[in-house]
Structures are given as structure tokens and as C-alpha cells.
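The values are calculated or read from the model by the stated rules, or taken from the named source; none is laboratory data. Just so you know, these numbers come straight off a predicted model, no measurement behind them. Using ideal geometry, Cβ is built from the backbone for each residue, glycine included, and neighbour counts are taken over all protein chains shown.
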């Protein structure tokens with residue numbers, strides 16, 4: 001018995017399957033110190049050892065960030081696969097969002113959302129894992145930052161786009177809305193679970209005053225989760241968030 005307890009402490013993967021997720025608005029790699037540093041962003045992400053990462057405010061070939069493909073560079077630095085979704089053309093390139101993945105990506109869907117101050121999409125990747133929870137979708141979010149009524153419409157449009165999914169879906173990113181806002185409450189009223197316990201504010205990074213970055217899930221088999229706001233004050237203007245989702249089966253224990 002003592003040997004079993006020791007092994008479960010040292011090798012938790014022996015008794016539980018888990019997903020490690022990160023969401024990060026990277027502000028095109030520009031930190032609170034005014035420096036453009038993707039390697040710094042990569043180090044912050046790498047420390048969480050994620051399976052999937054939802055990135056917002058990502059440049060592809062834009063002059064302001066050196067005309068590079070930021071998603072591709074981060075994927076290379078982190079040894080992950082990537083997908084990019086464009087919001088709009090910008091400074092000779094494209095501006096949008098990205099998803100990084102260690103798991104095989106079997107499909108990609110770009111969900112066009114109602115346009116606000118800027119064009120908006122949600123970026124969905126279909127992932128098929130040989131471990132828990134098997135097939136699922138991971139969706140990157142970056143909703144309008146000015147108008148809550150428009151954010152409600154963006155959530156409505158996304159839910160229509162996700163109809164018919166008979167497998168779990170996880171949403172992750174910058175919702176630009178507070179926990180009790182109409183747009184987030186609309187998700188909860190439609191069966192989405194906010195993966196949030198004892199959270200802290202996420203923006204702005206140096207002295208955060210609001211909480212606008214979240215994970216939501218729907219359709220996951222029984223699970224535990226442990227979420228956190230990563231205490232990174234400089235690399236971007238948002239603090240990144242992370243969650244570890246663990247299968248709740250007869251052999252698993254709730255994370256401490």
C-alpha cells in the first residue's frame with residue numbers, strides 16, 4: 001500500500017489522465033517594458049508544460065513585429081504544432097490568433113463572428129488523443145473589447161457554429177468580459193462550465209484590475225480541475241492563465 005501511495009505521488013500519470021492548457025493574450029510579443037521578445041513569451045508558456053495553448057493578438061508578417069510568422073516561431077521554440085486564424089490584414093501581413101498543440105490536430109474550423117471595433121473570429125482545432133478525453137475540440141476566443149451587447153452576439157454566433165458537436169469542447173482565451181457579464185452568463189445558461197476557482201485578475205499585467213481571460217468546457221467526461229493566473233508581469237499586457245484538467249475516475253485523486 002505504501003509503495004502504491006508513493007508511486008501515485010511521484011508518477012500521477014499512472015493513476016490519472018490530464019490535459020494541461022494555457023491561454024495567453026501575447027500583445028504581439030510586446031511586453032510592459034516595450035520590448036518585443038517572443039523567446040520570453042515562449043519561456044512563460046514552456047514552464048506550464050501545456051498540451052494546448054490558445055494565443056490572442058498574434059502577428060503574421062506584420063511590420064511592427066519584424067514581419068515574422070509569430071505562431072510558427074513560437075511553435076518551433078516550443079516544439080509544438082500550430083494553426084493561425086486571421087482577424088484582418090495589417091501592416092503588410094495578418095493579425096489574429098493562434099493555437100499551439102502537442103496533440104495531433106485532425107481539423108481546423110474558423111468561426112466568423114459579428115464584427116466590432118475590429119473583425120473577429122474564433123479558432124477551433126479538432127484534437128484526437130489516445131488518452132482521456134479522446135476526441136475533443138479546443139477553441140481560441142478573443143471577443144470585442146468595447147461593447148458587451150456585441151460580445152453577447154459573438155457568443156451566440158459561436159454557439160451556433162459549434163452546434164452538432166457530439167464530443168467535448170473547451171473554450172479558452174480573452175473574452176473581454178467579467179465573470180458575471182451577460183456574454184459569459186449566456187454560456188453558463190447553455191450548459192458551459194467556467195473552469196474557475198479562486199481566480200485573480202488578468203489585465204493589465206503589471207497591476208491587474210479586471211478578470212477577462214477564462215476557460216469554459218462542455219461535454220467533458222467527469223473531471224477535476226485546478227486553474228491559476230500565472231504571475232507574469234512583464235512579457236505581455238495580459239497575465240496568462242492555465243488549467244490542469246484531470247479525469248475523475250476510480251483511480252484518480254483530486255489535485256491539491
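Residue count for region 27-47 under the criterion of being part of a loop (DSSP other than H, G, I, E, B) and surrounded by fewer than 19 Cβ atoms within 10 Å (Cβ to Cβ): the result is 6. Filtering region 111-164 to residues that are modelled with pLDDT under 95 and in contact with a helix residue (DSSP H, G or I) (Cβ under 6 Å, 6 or more places away or on another chain) leaves only 116. If you go through region 80-100 and keep only what is farther than 23 Å from residue 35 by Cβ and out of contact with any helix residue (DSSP H, G or I) (no Cβ under 9 Å at 6 or more places or on another chain), you end up with 85, 86, 87, 88, 89. Scanning region 171-215 for residues that are surrounded by 13 or more Cβ atoms within 10 Å (Cβ to Cβ), more than 23 Å from residue 27 (Cβ to Cβ) and in contact with a strand residue (DSSP E or B) (Cβ under 8 Å, 6 or more places away or on another chain) gives 187, 188, 192, 193, 194, 195. For region 60-77, does any single residue satisfy the condition of being under 20 Å from residue 170 (Cβ atoms), part of a strand (DSSP E or B) and modelled with pLDDT of 95 or more? No.
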